[in-house]
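Working notes, beginning with the structure itself.
The values are calculated or read from the model by the stated rules, or taken from the named source; none is laboratory data. Remember, it's a predicted structure, so these values are computed and weren't measured experimentally. Positions of Cβ are generated from backbone atoms using ideal geometry, with glycine treated the same way; all protein chains shown enter the neighbour counts. We work out accessible area using only protein heavy atoms, side chains counted, and drop any ligands, DNA or RNA first. Shrake-Rupley method; radii C 1.70, N 1.55, O 1.52, S 1.80 Å.
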Amino acid sequence: LYQPRSSRIRMNSTKIFIDGVIEGKTAALLEPYVNETHSGLAYQDPEIYQAMIAAFEEKGFQVHVHACGDLGVRMTLDAYAYAREKNGIGDHRHHIVHMQLVDPKDIGRFAELDVIANFQPLWATLEDTYISELTVPVLGPERSEWVYPLGAVAKTGGTIAHGSDWPVTTLNPFHAIQVAVTRRGPDTLDREPWAPHHLVSVYDAVAGYTRGGAYLQFGENDYGTLEVGKKANLMVLDRDPFTIPVTNIHQTKVMRTLWNGQVVYEAPDE
């Protein structure tokens with residue numbers, strides 16, 4: 001693989017789209033959409049898809065797959081399992097991003113296959129109109145209980161990394177952490193959590209943005225946790241997210257940011 005001189009860039013990852021999105025009824029599902037006769041579309045034949053991922057892995061690539069539907073997720077887990085059988089177990093850190101819908105039978109496979117679940121927790125709330133108006137109506141109530149199953153994957157020991165999908169949605173991690181630990185948006189904290197079996201702890205939500213993200217990037221020896229000998233890539237916050245009420249996490253502000261020990265951001269005086 002090509003490794004550029006800059007330590008900030010690594011050309012060791014490839015991205016594959018296996019399906020579309022549930023909102024447009026293009027995500028590949030195991031069962032048809034509500035009031036439809038179709039189940040979306042997988043972009044690859046399963047055998048070709050498995051051979052493709054195994055070939056990338058054999059060449060040393062980390063594989064990053066966009067999969068939103070439960071069929072797309074299952075096909076990807078099957079492909080990672082095939083690659084492992086063909087190439088042997090290695091430290092590839094393959095991951096699946098989004099996972100709008102995961103079949104309960106596949107939850108434990110993330111841990112079994114050492115596949116990273118790359119979630120965008122900001123979307124796991126009914127306040128997101130994509131969910132309330134475009135996702136739940138086309139899945140129905142039973143399947144909607146398994147939309148963005150952060151808690152279920154965490155409980156089975158799966159490795160989780162969190163992202164923003166910016167510029168589609170905000171980069172602010174504290175809004176997303178708020179949703180991850182309450183399944184409610186900042187404006188509707190008085191209602192009951194949506195699908196509460198997928199709630200995660202504040203520790204797990206923060207870890208997804210720090211330790212989990214570092215691990216996904218093969219950077220856990222340099223950053224992701226505060227330890228002697230690691231690079232000082234960190235933020236100084238105006239409050240402790242582990243001790244404040246979980247309903248106030250979204251109000252957290254960054255006061256200072258350090259990169260490799262150098263201050264690169266200071267909050268303006270108010």
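Structure data summary
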read-out	value
Selection status of residue 78, assigned to a loop (DSSP other than H, G, I, E, B), on the phi < 0 side of the Ramachandran plot and either open to solvent by 50 Å² or more (accessible area, probe 1.4 Å) or of a type in the set (Lys, Arg) (or both)	no
Top-ranked residue of segment 35-46 - restricted to ones that are in a loop (DSSP other than H, G, I, E, B) and open to solvent by 50 Å² or more (accessible area, probe 1.4 Å), ranked as farthest from residue 80 (Cα to Cα)	35
Odd one out for residue 63 among (1) in a strand (DSSP E or B); (2) surrounded by fewer than 17 Cβ atoms within 10 Å (Cβ to Cβ)	(2)
Checklist (1) in a loop (DSSP other than H, G, I, E, B); (2) among the β-branched types (Val, Ile, Thr); (3) open to solvent by 50 Å² or more (accessible area, probe 1.4 Å) applied to residue 200, failing item	(3)
Among residues of segment 140-155, those that are open to solvent by 50 Å² or more (accessible area, probe 1.4 Å), hydrophobic (A, V, I, L, M, F, W, C) and without any contact (Cβ under 8 Å) to a residue 60 or more places away in the chain, counted	0
Hey, residue 214 of a type outside the set (Val, Ile, Thr), modelled with pLDDT of 95 or more and in contact with a strand residue (DSSP E or B) (Cβ under 8 Å, 6 or more places away or on another chain) or not	no
Residue match in segment 250-260 (condition: closer than 24 Å to residue 152 by Cα and open to solvent by 30 Å² or more (accessible area, probe 1.4 Å))	yes
Any pair with Cβ under 9 angstrom, 6 or more apart, that starts in segment 156-185 at a residue that is open to solvent by less than 10 Å² (accessible area, probe 1.4 Å) and ends at one that is part of a helix (DSSP H, G or I) and among the acidic types (Asp, Glu)	180/204
Long-range neighbours under 7 Å by Cβ, at least six apart or interchain, first residue closer than 14 Å to residue 263 by Cβ within segment 227-240, second open to solvent by 50 Å² or more (accessible area, probe 1.4 Å) and of a type in the set (A, V, I, L, M)	234/226; 236/255
Candidate set from segment 88-131 (those that are of a type in the set (Val, Ile, Thr) and assigned to a loop (DSSP other than H, G, I, E, B)); member that is most open to solvent (accessible area, probe 1.4 Å)	89
Breaking point among (1) under 30 Å from residue 195 (Cα atoms); (2) open to solvent by less than 50 Å² (accessible area, probe 1.4 Å); (3) not aromatic (Phe, Trp, Tyr), for residue 14	(1)
